[in-house]
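> One structure is given below, represented as C-alpha cells, and several questions about it will come after.
The values are calculated or read from the model by the stated rules, or taken from the named source; none is laboratory data. For clarity, every value in this text was computed on a predicted model and none was experimentally measured. Cβ sites come from the backbone with ideal geometry, for glycine too, and all protein chains shown count toward neighbours. Calculation scope for accessible area: heavy atoms of the full protein, side chains included, ligands and nucleic acids excluded. Shrake-Rupley method; radii C 1.70, N 1.55, O 1.52, S 1.80 Å.
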Amino acid sequence: MDTPESMRAVRITAHGGPEVLETAKVPVPVPQKGEALIRVAAVALNNTDLWTREGAYGRPGDPDALSGWRGPIEFPRIQGADVAGRIAAVGTGVDAGLLGRRVVVDPAIYDGEGPHANPVGLMGSERDGGYAAYVTAPVDRVYDMTASPLTDDQLATLPTAYGTALGMIERGGLQEGETALVSGASGGVGLALVQLARARGARVLAVSSGAKTAQVREAGAHETVDRAGDLTGQIRAAAPDGIDVALDVVAGELVADGLPLLREGGRWVVAGALGGHDVTFDVRRLYLHNAQVIGSSMHTPAHFEGLMDLARRGAVRPVVSAVFPLEEAARAQEELARRTHVGKIVMHP
C-alpha cells in the first residue's frame with residue numbers, strides 16, 4: 001500500500017494555550033521493526049490533550065512544574081492519544097496480511113510486557129500521537145476491529161475514556177448488585193463508566209448537571225443527582241444504604257464530602273481531578289470502616305483487551321457529540337474545555 005512522504009499534523013511547540021497548536025507539514029513516520037503505520041480515520045479528544053498542552057500534570061515534589069503526562073516532554077509533539085484507522089504499512093517482523101485492517105491503537109506505554117503492566121507514558125505526550133494523517137504504533141498494541149459494528153468515530157472514542165473507565169471499575173472491584181456512584185457522568189470517561197458499570201450489573205447513581213441528566217440516564221444511569229444542588233443530601237436520599245464503589249474523575253471537595261457515604265468496605269476510585277487535586281479528608285472514615293481510596297491511571301493490557309472484545313461485539317455504544325476537521329484542533333480543544341457537551345469530540349485528518 002503506497003503512502004506519501006509527507007503529511008499534515010497538528011503539534012505543540014511549547015506548553016501554553018490553544019495558540020500553541022500549529023498545523024505543520026511533516027514527514028510520514030516510517031514503521032520500525034515490530035511496528036505498524038496507521039492511516040488515521042478518526043482521533044478523539046481527551047482532557048489529557050488539554051493538560052499535556054498546558055503542562056498541567058506537575059511532577060513529584062513539584063506540583064506546579066510544567067509537565068506532560070508523566071514528566072517533561074520533547075517538543076514539537078504531535079498530540080492525540082485515541083486513534084482509529086487502517087494499517088497502511090508494516091515494519092520488519094510484522095505480518096503483511098494486516099495491511100488494510102481496521103484497527104484501534106492502545107495508546108499506553110507500559111512498564112513491562114505482562115497483562116497487568118502499568119501505564120507510564122501516553123501517545124500524544126511521551127510519543128507522537130494521532131493529530132495527523134498517519135501514526136506509528138507497536139503492532140502488539142494495535143487491535144483488529146474490522147468486524148466491529150462501531151463506526152470509526154465511535155472506535156476512536158474508546159482507548160482513553162473507556163480504557164480509563166474499565167481500569168477504574170476493575171481496580172475498584174465493582175460487582176454485580178453493588179451501588180456505584182459516578183462523578184462527571186456526562187463527560188467521556190463518565191459516560192463510559194455509566195455504560196460499563198450498568199453492563200456489569202451495578203446500580204448506577206450518576207452526578208451530572210441538570211441539563212445533561214436525560215442523556216446520562218439514556219446511557220444507563222438508574223438515577224442522577226444534580227451537581228449544582230446539595231450533592232451529599234441527594235446521594236444519601238438516592239442510596240440510603242450507602243455507596244459500594246465511587247468512580248470519581250472530579251476529586252476536590254467531593255472526596256472529603258463523599259467518603260462518609262461509603263458502606264463498610266467501600267472503595268473510592270480516583271482517576272481525575274477536575275474539581276481540584278488538593279484534597280483533605282478525615283482518615284477515620286477509612287480505617288474505622290475498612291474503606292479504600294484507590295488511584296487509577298488508565299488501564300492495563302488485560303483491561304484494554306477486554307474493552308476491545310466488548311467493542312467487537314458492539315456491547316458499548318460511545319456517544320460522539322461533535323466532529324471537527326484536524327485543522328480546527330484549537331477550536332475543538334476550546335469546545336472540550338467548555339464542557340458543555342455530552343460524550344466525546346472527534347477530529348478527522
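> If you check Val94, Val90, Val104, which single one turns out to be touching a residue at least 40 places away in the same chain (Cβ under 8 Å) and within 17 Å of His299 (Cα to Cα)?
Val104
> Mind checking whether some residue in segment 148-161 is farther than 24 Å from Val346 by Cβ, touching a residue at least 60 places away in the same chain (Cβ under 8 Å) and not charged (D, E, K, R)?
No, every residue in segment 148-161 fails to be farther than 24 Å from Val346 by Cβ, touching a residue at least 60 places away in the same chain (Cβ under 8 Å) and not charged (D, E, K, R).
> Considering each residue of segment 177-217, count those that are under 15 Å from Asp248 (Cα atoms), hydroxyl-bearing (Ser, Thr, Tyr), modelled with pLDDT under 95 and open to solvent by 10 Å² or more (accessible area, probe 1.4 Å), and give that number.
Qualifying residue count for the region: 1.
> Answer yes if at least one residue in segment 330-341 is touching a residue at least 24 places away in the same chain (Cβ under 8 Å), in a loop (DSSP other than H, G, I, E, B), under 24 Å from Ala214 (Cα atoms) and open to solvent by 60 Å² or more (accessible area, probe 1.4 Å), and no otherwise.
yes
> Now for a separate question. So, of the residues in segment 279-292 that are at pLDDT 95 or above and open to solvent by less than 70 Å² (accessible area, probe 1.4 Å), which turns out to be farthest from Gly187 (Cα to Cα)?
His289
> Just name the residue that is modelled with the lowest pLDDT out of those in segment 306-349 that are charged (D, E, K, R) and within 20 Å of Leu21 (Cβ to Cβ).
Arg339
> Return the pairs, sorted by first residue and then second, in which the second residue is outside any helix (DSSP H, G or I) and open to solvent by 100 Å² or more (accessible area, probe 1.4 Å), the first residue lies in segment 277-290 and is at negative phi, the beta carbons are less than 6 Å apart, and the residues are 6+ apart or on different chains.
That search, which allows pairs on different chains as well, returns His289/Glu264.
> List the residue pairs whose Cβ atoms are under 8 Å apart, where the first residue sits in segment 50-65 and is more than 15 Å from Met123 (Cα to Cα), the second is open to solvent by less than 70 Å² (accessible area, probe 1.4 Å) and assigned to a helix (DSSP H, G or I), and the two are 6 or more positions apart or on different chains.
Filtered contacts from segment 50-65: Ala56/Leu50; Tyr57/Trp51.
> For Asp153, only one of the following conditions fails: (1) outside any helix (DSSP H, G or I); (2) open to solvent by 10 Å² or more (accessible area, probe 1.4 Å). What is its number?
(1)
> Run Gly276 past the list (1) at pLDDT 95 or above; (2) surrounded by fewer than 14 Cβ atoms within 10 Å (Cβ to Cβ); (3) closer than 30 Å to Thr13 by Cβ and report the number of the one that doesn't hold.
Gly276 satisfies every listed condition except (1).
> Among the numbered criteria (1) surrounded by fewer than 19 Cβ atoms within 10 Å (Cβ to Cβ); (2) under 30 Å from Ala202 (Cβ atoms), which one does Met168 miss?
(1)
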